[in-house]
1. Using only Cα atoms, locate the centre of the range 129-188 and the centre of the range 25-40, then give the distance between them in Å, rounded to an integer.
2. Just subtract the alpha-carbon distance of LYS63 and LYS168 from 0.36 nm times their residue separation and send over the number in nm, one decimal.
3. Under a point spin-label approximation (7 Å from Cα along Cα-to-Cβ), what is the GLU111-LYS51 distance to one decimal in nm?
4. Once phi is turned into θ = phi - 60°, what whole-Hz ³J(HN,Hα) does the Karplus curve with 6.51, -1.76 and 1.60 give for every residue of the range 82-88, x standing for Gly and Pro?
5. Out of these labelled values of P(r) over Cα pairs in 10 Å bins from 0, in percent, (1) 9, 36, 36, 17, 2; (2) 8, 29, 28, 18, 9, 6, 1; (3) 9, 33, 29, 16, 7, 4, 2, 1, which was calculated from the coordinates shown here?
6. Please compute the length gained on full extension between ASN121 and LEU82, using 0.36 nm multiplied by the number of residues separating them and subtracting their Cα-Cα distance.
Amino acid sequence: MKKLTILALAAAFSSATFAAPETYNLEPNHTFPRFSYSHLGYSVQVSRFDKTSGKVVFDKAAKTGAVDIVVDAKSVSTGSALFNEHIQGEDYLDTAKYPTATFKSTKVTFEGDKPARIEGNLTLKGITKPVTLTVTSFQAMPHPMLKRDAIGANATTKVKRSDFNMGKNAPYVGDEVTIDIAMEAIKE
């Protein structure tokens, strides 16, 4: 009887209430960082990066997480091949010297069971600055087609181009840039 009680206690302590952090790989077909800015006051231009990789660590029970994202800066997509080339030049992304942009979290703040803010370091053009991503939506559930656990989120932040040595033509072309990230990730 004593052995049965010990086994029952061991099983109880190994349950999901003591869940370990789980690692998710970004799903490249549904993860796209976008950026928008004012163009001469005429319009707000929206572009995106087509190639992003990385990992998310999520522990729902402990309410902790970590995010590590790498963006292929050469995959910038403005809707114009000529402008893609222009924005990859020395005055802006300078992809010849800096082919990637990165975000590495330093702190994830939860509200209830969901992440609400992700503080971290954004590196663009070799310059690293702290930013806070505000999570506007989050979902964790089994993927209906892949039959594996998955997470998805949208997050946003604002930065100044001039903080990353990309301020050419400011203030005519807006210095403030809104970054929106749509992300989905599949559990390893």
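Bear in mind these aren't lab numbers, they're just calculated from the coordinates by the rules spelled out. The shown structure was predicted, so the numbers you read here are calculated from the model rather than taken from an experiment. We place every Cβ from the backbone using ideal geometry, glycine too, and count neighbours over all the protein chains shown.
1. Using only Cα atoms to place each centre, the spacing works out to 7 Å.
2. Extra length available between LYS63 and LYS168 comes to 33.7 nm.
3. 3.7
4. For the range 82-88, the Karplus-derived couplings read 5, 6, 4, 4, 4, 6, 7 Hz, x marking Gly and Pro.
5. (3)
6. Extra length from ASN121 to LEU82 when fully extended: 11.0 nm.
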